[in-house]
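K.L.:
Take this structure, written in structure tokens, and hold onto it; I'll ask about it next.
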Amino acid sequence: MNAAVARELSVFYGSTEALKSVNLEVPEALVYGIIGPDGAGKTTLMRSLCTLLPYSEGSIRVLGYDALSESAQIRARIGYMPQRFSLYQDLSVEQNLRFFARLFRVSRKEMLIQREKLYEFSRLKPFAKRLAGNLSGGMKQKLALSCALIHTPKLIILDEPTFGVDPVSRVEFWQILHELKREGVSIIVSTPYMDEAVQCDQISLLHKGSVIGQGTPDEIIKAWQGSLYSLKAGNLQELYKYLQSKVDKADLQLFGSEIHLYSKDGLRQELIDTWKHEFSGLASCEEIQPGMEDVFLKMMQ
Amino acid sequence: MPNLNRIKAIAEKEVFHILRDSRTLTIIFIMPLLQLIIFGYAMNMEIRQVPLVVDDSALNSSSQALIDAFIHTDYFRLVPKDEGILNPGELFKERRAQATLSIPQGFGKDSFTVLLKIDASDPNSAQMIQNYANGIVNNRFAIAGAGITLQPLILYNPDLKSSFFFVPGLIALILVMICALLTSISISREKEMGTMEQILVSPVSATEILLGKVLPYIFLGLMDALLILGVGMLLFQVPFRGEFIVFLGFTFLYVLTSLCLGLLVSTVAKTQQGAMMMALGMTLLPTLLLSGYMFPISSMPVILQKITYIIPARYYLQIIRGIMLKGNSVRHLYQSGLSLLIMSVTMLIIASRRFKLRLS
């Protein structure tokens, strides 16, 4: 059975279509990533999946229940972590955990066991009495995850859980997710960070409300056709300007300290030599393996 | 069925919020006290120490006794008369006097008529001055006259002290304002902070959330009522003639009604600001104007009279005045109490129907 399935899902805000006929199949006990830039519709999709948003067209089934007519059953069985930190800032770590345990009717005995377990992986135990509002960004996210897990849900839905979190905490957060997966928890996670896409077992690439790619990260990268070149120069802006006059602008991407150039059929060595001749600042031009970000940027076109 | 344990969890959480949030505590305890003191001293409708000029042409023992009767009260203060003929118009223009009393020659022997001129640029004061003067002449300086005498006997507030009137009214006004504010802000804050989104993805029902929110505030509302009552009795010497337990029971119903009104507001308002404006708008003016606090309901146009039926303070004013001034018991008040109960249950049902378990 799938943890969650969406069929031809469309969501409108007034007349704007936030999601356009999205199809999704989330297998059990996997980390499923919803990848896309801001405004792609990630939050809308996550909220629809956890029954918070009424959708206009299509259908959603979560853990076998219909998201419109059986939302109560779904809500009792999933854990949800909204994009914004949504715990009670003026309650302590312990009080937040206890409150959510009681909302889900977890018995005190079970709660204590589960809490110890959550403390163990989140390492929040020393901060049990601290107010949630006084935690660091990374710890806040771990607490939010712990609260979403206090009733041992089968599926957790995490909306950009690593947004605005420092790199070290991000790595730690992903380790926790992989651990949870091993315990059999299904995870749907959204992120705008392409480098996090490879941490997922399966992903959907979301752009302007539509799914533009689906599969394992490997499959998506392998589906890439053509060649990719990395060009470096002392003055990158000048090089960018120069290349714009030579190739299609859509094939060029500024990538930190290099420029990525897409070519459908590959570049001939003579052409590269000509460029080096004409633009003396061009230090190197090498063919590279595309990363997720290259693939995504290409797919967006 | 609402789950008791879940309601308890929400109520307890709410108590933690209240204890940690000094702003809420300020609203609950400081605001009512300030209101009581400001309203209490500003809304004083009694008139004291009215400057009075007396033109006594009789100059006998009867006229002296009449003058004494006037100035021995707290109401009038004697302003010395200028030489020459009394000119009330000029005195009023210069605001040196608000009333003049002319006693003709032969007063006490063949004439018992005196002339009282009153500055009525403030009609309310003029009315009061006339009443005081009448009272003094009729009661304290009774001169046997002919014809029919009306002997008024004023019950419950023989001195017509206005504190007897405004302290019970203020309890009604402040309670409904504070209680409606508390619940509406508490729920809209959760919407604003995003915490509502988090707790909605749980098996919690609208009724559970609403009941959990109301419970701790019932207690606070009652504490508030006791505070206002205590300070009101202390500062303004208002009597309390009824039974305390009756007061507590009916005040509980009123607090509940007011809290449910706040819940209703919170299902409409999206922000704390909005909730605050709406809660104040729905309580302050309607309670002041349409509850029978300021203006008697019987003298309102019929359509306004009908509207007063949905103002909770209308019922509570009857209750609180009844208990404090008349010593009413449950037998006299159960109808008003029942009205409050029906109102609160109705509002709670509407609020839980309107409360959205989804985002929109």
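K.L.:
Pick out, from A:Leu103, A:Ala132, A:Leu30, the residue whose Cα sits farthest towards the positive end of the charge dipole of region A:1-141, with +1 on the Cβ of Lys and Arg and -1 on the Cβ of Asp and Glu.
P.N.:
A:Ala132
K.L.:
Rounding to the nearest 10 and keeping the result within 0 to 90°, find how far the Cα-based axis of helix A:93-103 lies from the longest principal axis of chain A.
P.N.:
70 degrees
K.L.:
Also, I was wondering about something else. Which angle from 0 to 90°, rounded to the nearest 10, does the C-alpha axis of helix A:269-278 make with the longest principal axis of chain A?
P.N.:
Tilt relative to chain A: about 80 degrees.
K.L.:
Among B:Ala99, B:Gln49, B:Ala65, which residue has its Cα positioned farthest towards the positive end of the charge dipole of region B:30-101, with +1 placed on the Cβ of Lys and Arg, -1 on the Cβ of Asp and Glu, and the dipole taken about the Cα centre?
P.N.:
B:Gln49
K.L.:
To the nearest whole number, what is the average tally of beta carbon atoms from other chains within 10 Å of the beta carbons of peptide A:82-89?
P.N.:
5
K.L.:
What residues have an amide H closer than 5 Å to that of A:Leu206, excluding those fewer than 5 places away on the same chain, when H is modeled at 1.01 Å from N in the peptide plane?
P.N.:
A:Ile35, A:Gly36, A:Ile212
K.L.:
Greater than 25 Å separation of Cα atoms is the criterion. Which listed pairs, B:Lys306/B:Lys356; A:Lys140/B:Lys13; A:Lys125/A:Lys181, meet it?
P.N.:
Check vs 25 Å cut-off fails for B:Lys306/B:Lys356.
K.L.:
With a length cut of 30 Å (Cα positions projected on each helix's long axis) and a Kyte-Doolittle mean of at least 0.5, go through chain B and give me the DSSP H helices that pass.
P.N.:
B:163-193, B:206-236, B:244-266, B:330-354
K.L.:
Say R0 is 51 Å: what FRET efficiency, to the nearest 0.05, do B:Asp159 and A:Glu116 get from their beta-carbon distance?
P.N.:
0.15
K.L.:
So, one more: Antiparallel versus total DSSP beta bridges in chain B: what percent is that, nearest 5?
P.N.:
Once the DSSP bridges in chain B are tallied, antiparallel ones form about 30 percent.
K.L.:
So what is the accessible area of the protein assembly as shown per residue, in Å², with the probe set to 1.4 Å?
P.N.:
Here the residues of the protein assembly as shown average 48 Å² of exposed surface.
K.L.:
Which percentage, to the nearest 5, of the DSSP beta bridges contained in the protein assembly as shown is antiparallel?
P.N.:
Beta bridges within the protein assembly as shown, antiparallel portion: roughly 60 percent.
K.L.:
Same structure again: Which order, highest average first, do A:242-253, B:324-335, A:78-89, B:297-308 follow once you tally other Cβ atoms within 10 Å for each residue and take the mean per peptide?
P.N.:
In decreasing order of mean packing, A:242-253, B:324-335, A:78-89, B:297-308 become A:78-89, B:324-335, A:242-253, B:297-308.
K.L.:
Checking buried surface per residue: for region B:202-250, which residues lose a minimum of 20 Å² accessible area in the protein assembly relative to the chain alone (1.4 Å probe)?
P.N.:
Checking the loss per residue gives B:Ser202, B:Pro203.
K.L.:
Please list, short to long, the whole-number percent of alpha-carbon pairs of chain A in consecutive 20 angstrom bins beginning at zero.
P.N.:
All Cα pairs considered, the percentages come to 30, 48, 20, 2.
K.L.:
For chain B, what is the mean residue ellipticity at 222 nm derived from helices alone (per DSSP H run of n ≥ 4: -39500 (n - 2.57); sum divided by total residues; nearest 500 deg cm²/dmol)?
P.N.:
-19500 deg cm²/dmol
K.L.:
Give the residue from A:Leu52, A:Ser69, A:Phe12 lying farthest towards the positive end of the charge dipole for region A:1-80; charges sit on Cβ (+1 for Lys and Arg, -1 for Asp and Glu) and the dipole is referred to the Cα centre.
P.N.:
A:Leu52
K.L.:
Using a 1.4 Å probe on the protein heavy atoms, what percent of the accessible area of the protein assembly as shown belongs to carbon and sulfur?
P.N.:
Looking at the protein assembly as shown in its full context, I get 57 percent from C and S.
K.L.:
Have a look at B:Leu33, B:Leu173, B:Leu200 and tell me which one the Gaussian network model of chain B (Cα, springs below 10 Å) gives the largest fluctuation.
P.N.:
Evaluated over chain B, the most mobile residue of the options is B:Leu200.
K.L.:
Also, quick follow-up: Nearest 10 degrees is fine. How inclined is helix A:137-149 to the longest principal axis of chain A, computing both from alpha carbons?
P.N.:
50 degrees
K.L.:
Ok, one more. Roughly how many debye, to the nearest 20, is the charge dipole of chain B about its Cα centre, given +1 on each Lys and Arg Cβ, -1 on each Asp and Glu Cβ, and no other charges?
P.N.:
Using only the charged Cβ atoms, the result is roughly 1460 debye.
K.L.:
Among DSSP beta bridges lying fully in chain A, give the percent that are antiparallel, nearest 5.
P.N.:
Roughly 65 percent of the beta bridges in chain A run antiparallel, per DSSP.
K.L.:
Magnitude of the Cβ-charge dipole of the protein assembly as shown, K/R +1 and D/E -1, about the Cα centre, nearest 20 debye?
P.N.:
1960 debye
K.L.:
To the nearest 100 Å², how much accessible surface do chains A and B cover up together, summed over both, with a 1.4 Å probe?
P.N.:
Summing both sides, the interface buries roughly 2900 Å².
K.L.:
Still on this structure, please answer the following. Greater than 20 Å separation of Cα atoms is the criterion. Which listed pairs, A:Lys276/A:Lys298; A:Lys117/A:Lys142; A:Lys20/B:Lys270, meet it?
P.N.:
The answer is A:Lys276/A:Lys298; A:Lys20/B:Lys270.
The values are calculated or read from the model by the stated rules, or taken from the named source; none is laboratory data. The shown structure was predicted, so the numbers you read here are calculated from the model rather than taken from an experiment. No Cβ is skipped: glycine too gets one built from the backbone with ideal geometry, and neighbour counts run over all protein chains shown. With ligands, DNA and RNA removed, areas are computed over all heavy atoms of the protein, side chains included. Shrake-Rupley method; radii C 1.70, N 1.55, O 1.52, S 1.80 Å.
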